[in-house]
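**Student:** Have a look at this one before I ask anything.
The values are calculated or read from the model by the stated rules, or taken from the named source; none is laboratory data. Since this is a predicted model, take the numbers as computed values, not measurements. Quick reminder, even Gly has a Cβ in these numbers, built from the backbone with ideal geometry, and neighbours come from all protein chains shown. Quick note on the areas: whole protein, heavy atoms, side chains included, nothing else; ligands and nucleic acids left out. Shrake-Rupley method; radii C 1.70, N 1.55, O 1.52, S 1.80 Å.
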Amino acid sequence: MSPSSRIPWHKSLSVRLLLTSVTIAVLSVGATAWLAVQTTTHALQEERGQVLSDDNDILRQLSGFAATHPSWDGVQTTVRHLSRATGRRIALTTETGYVIVDSAAPATALPARASAAVEPLNTDTYTEPGAQLSGVDPRAVGPYLLPPAERTQVKTLAEKRLACMRRYGTNGSSRQMPSGRTVVTADDGPASVPLECADGVLNTPTRTEQKALDELNALIAPCLGHTTAQGVPVFGSAIDLVPGIGNPATDGIRWLAASDRQKAQSCVDSARREQLAPYVAPRATLYLGSLDRQAAGFDLSPANKSKIVGVTGLVLAVTVAITAVVAIRLVRPLRALTAAAQQPPQQHVRVAVTTRDETGYLAAAFNDLTARREQLEAQRKAMVSDIAHELRTPLTNIRGWLEVTRDGLLDPDPDLIASLHDEAVLLQHIIDDLQDLAAVDAGTLTLHLEPVAVDQLIAQVVAAHSARAEAEGIRLRTHTEPGLWLEADPGRMRQSLGNLVSNALRHTPANGTVTLTARQSDELAVLTVQDTGSGITPEDLPHVFERFWRAEKSRSRRTGGSGLGLSIVRQFVEAHGGTVTARSEPGAGAVFAIRLSRRKEPDSDSP
């Protein structure tokens, strides 16, 4: 049975790709159609009803009603008129949600979101002159509303002012404010009013206005906190606060100290709102929507529905076809990889790389993995053979000498016992090296880190090998920079340096030199062992740290050792987070360098 036949259809890469493509196509087509419908609907709404303009007009008129009425009583007529004129649903509720008025049928749910708040004492939506007057709707005049007699009086004064201005060649116009006061405006600005006409009579508050100003001054004084000697607030008669006469933001506080202006303006705004609050309707929430119970939109004609279905089907067909082609091309090399991976390990099957995409890179990685597996298998076989070879020789010697002694052919004299002991020591050394490598491979190697002085470490290694060096006529030299410290396991580091020194002594002829040096390189400590031996050939240099590798193909332990020493050095150094390298030229000796992170010299008081 082929591997592909065992894969459930719902887990097949081809099926999943097809389903994914179909889902994406359906979502994209549906989203596009929905977006087109919504966009067209919104455009039709804006073109037909000018929704934004109508909503602003509704808010402006309702704010005007609130500014001129102390409650919302009687607003139903205004709401019905606005609803019929704009074709919009209009609903007003209190802050607690109680419905004041609703142009829709009873029990109709309110829109999900409120459109605006109607609050004439805090508004910035009024579009006529005076809209930004401290956030108060200019139609909210309250106690400043003039009775008919005072309106006629002020209007007569305004007409006299205009007649005077015309006599002196200045043109102007008049208009009536929401409070009923008539104001005169010169075409060329206030500075163009002739002095003969600026008698101040027109701008003098009427009895109603003066009464309201006195109330306002009484509200301002506690907030402002300081008065003149006569007990009159700093705004004097507060004539600038009369609607239609002045602007308190620029006139009433212009002569105050700069540090008091902001406070004075705040006091004026608070007092105005407190004075006007009884004369305006309470804050209400405005909801705007469509008069129809159903959301605005349009119905697709059968022809348009057919077009959408046809385009959707075409997109699905093209998507499925392209996905099928891509899926087949993707799955073919994956099936080849699966078949190759299921072959017996000893066959080391490789897959042809036919593409340069992710699948091709995966095939190349699989081939690399196969090559590494083949190499590891060869190394494993060689290692087993090497271990058997290394253990066979000392065991054969021990067995041979013991059999000769048992047969009585040789007496167990001290020389024989010493020879057997040497063979046992060699055997134990090989086993210990293998145990160290096994611990490193298993991740169970334990390091006992502590501050280590490099000069003392090198001195101990030299002392341990000085007898052998002297016996072979080789000079041991050292050169270390003082004050160099490591954070390391002293036993493992002595073993690593000892293996390098032992290897150097083994390959250095009589009268040669082995030099141990230690120096600082930035944040690293560099320990080197250099000899004057025969060196290592370039083709052998990359293999010096492999297990059981020796340059001498004769595998003589007298010149080649067990073949594990340098491999142990590399494993111990890497366990300390360092590196070990080798460089050599044939006939010029070899240099082995260990690089580890150095440590600052520990304090003298530390244990």
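**Student:** Only residues that are buried (at least 17 other Cβ atoms within 10 Å of the Cβ) and under 51 Å from the mean Cα position of the chain (by Cα): list them for region 520-530, please.
**Tutor:** A525, V526, L527, T528, V529, listed by residue number.
**Student:** Can I ask one more? Which of the residues spanning region 58-90 are more than 25 Å from V136 (Cβ to Cβ) and not polar (S, T, N, Q)?
**Tutor:** Correct list: R80, H81, R84, A85, G87, R88, R89.
**Student:** OK, next. Say whether the condition of being modelled with pLDDT under 85, out of contact with any Gly (no Cβ under 8 Å at 6 or more places or on another chain) and open to solvent by 60 Å² or more (accessible area, probe 1.4 Å) is met by at least one residue in region 586-602.
**Tutor:** Among the residues of region 586-602, at least one is modelled with pLDDT under 85, out of contact with any Gly (no Cβ under 8 Å at 6 or more places or on another chain) and open to solvent by 60 Å² or more (accessible area, probe 1.4 Å), which makes the answer yes.
**Student:** Quick check on this structure: which one of C223, C267 is at pLDDT below 85, among the hydrophobic types (A, V, I, L, M, F, W, C), out of contact with any Gly (no Cβ under 8 Å at 6 or more places or on another chain) and open to solvent by less than 30 Å² (accessible area, probe 1.4 Å)?
**Tutor:** That would be C267, the only listed residue that is at pLDDT below 85, among the hydrophobic types (A, V, I, L, M, F, W, C), out of contact with any Gly (no Cβ under 8 Å at 6 or more places or on another chain) and open to solvent by less than 30 Å² (accessible area, probe 1.4 Å).
**Student:** A follow-up question, please. Residues of region 127-173 being at pLDDT below 90 and small (G, A, S), which ones?
**Tutor:** G130, A131, S134, G135, A140, G142, A158, A163, G169, G172, S173, listed by residue number.
**Student:** Sort through R80, R84 and tell me the only one that's surrounded by fewer than 12 Cβ atoms within 10 Å (Cβ to Cβ) and modelled with pLDDT of 85 or more.
**Tutor:** Answer to the selection: R84.
**Student:** Return yes when A439 is at pLDDT below 80, touching a Leu at 6+ places or on another chain (Cβ under 6 Å) and surrounded by fewer than 16 Cβ atoms within 10 Å (Cβ to Cβ) and no when it is not.
**Tutor:** So A439 passes the test.
**Student:** Quick check on this structure: which one of T108, T123 is outside any strand (DSSP E or B) and modelled with pLDDT under 85?
**Tutor:** That would be T123, the only listed residue that is outside any strand (DSSP E or B) and modelled with pLDDT under 85.
**Student:** If you scan region 472-495, which residues turn out to be farther than 25 Å from Q571 by Cβ and assigned to a helix (DSSP H, G or I)?
**Tutor:** none
For every residue, the table says whether it meets (1) modelled with pLDDT under 90; (2) of a type in the set (A, V, I, L, M, F, W, C); (3) within 44 Å of the chain's Cα centre (by Cα); (4) under 18 Å from S597 (Cβ atoms).
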residue	(1), (2), (3), (4)
Q428	yes, no, no, no
L445	yes, yes, yes, no
E472	no, no, no, no
A488	no, yes, yes, yes
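**Student:** Quick test of your reading of the structure: D368 fulfils all but one of (1) modelled with pLDDT of 75 or more; (2) in contact with a Gly (Cβ under 8 Å, 6 or more places away or on another chain). Name the failing condition by number.
**Tutor:** (2)
**Student:** May I pose another question? Are any of the residues in region 196-204 at pLDDT 85 or above and either open to solvent by 20 Å² or more (accessible area, probe 1.4 Å) or in contact with a helix residue (DSSP H, G or I) (Cβ under 6 Å, 6 or more places away or on another chain) (or both)?
**Tutor:** Yes, some residue in region 196-204 is at pLDDT 85 or above and either open to solvent by 20 Å² or more (accessible area, probe 1.4 Å) or in contact with a helix residue (DSSP H, G or I) (Cβ under 6 Å, 6 or more places away or on another chain) (or both).
**Student:** Would you be able to say whether some residue in region 501-519 is at positive phi, of a type in the set (S, T, N, Q), touching a residue at least 12 places away in the same chain (Cβ under 8 Å) and open to solvent by 40 Å² or more (accessible area, probe 1.4 Å)?
**Tutor:** yes
Rundown of residues vs (1) under 23 Å from H69 (Cβ atoms); (2) touching a residue at least 40 places away in the same chain (Cβ under 8 Å); (3) surrounded by 18 or more Cβ atoms within 10 Å (Cβ to Cβ); (4) over 60 Å from the mean Cα position of the chain (by Cα), yes/no style:
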site: Y168; (1), (2), (3), (4): no, no, no, yes
site: S179; (1), (2), (3), (4): yes, yes, yes, no
site: A186; (1), (2), (3), (4): no, no, yes, yes
site: S192; (1), (2), (3), (4): no, no, no, yes
site: E209; (1), (2), (3), (4): yes, yes, yes, yes
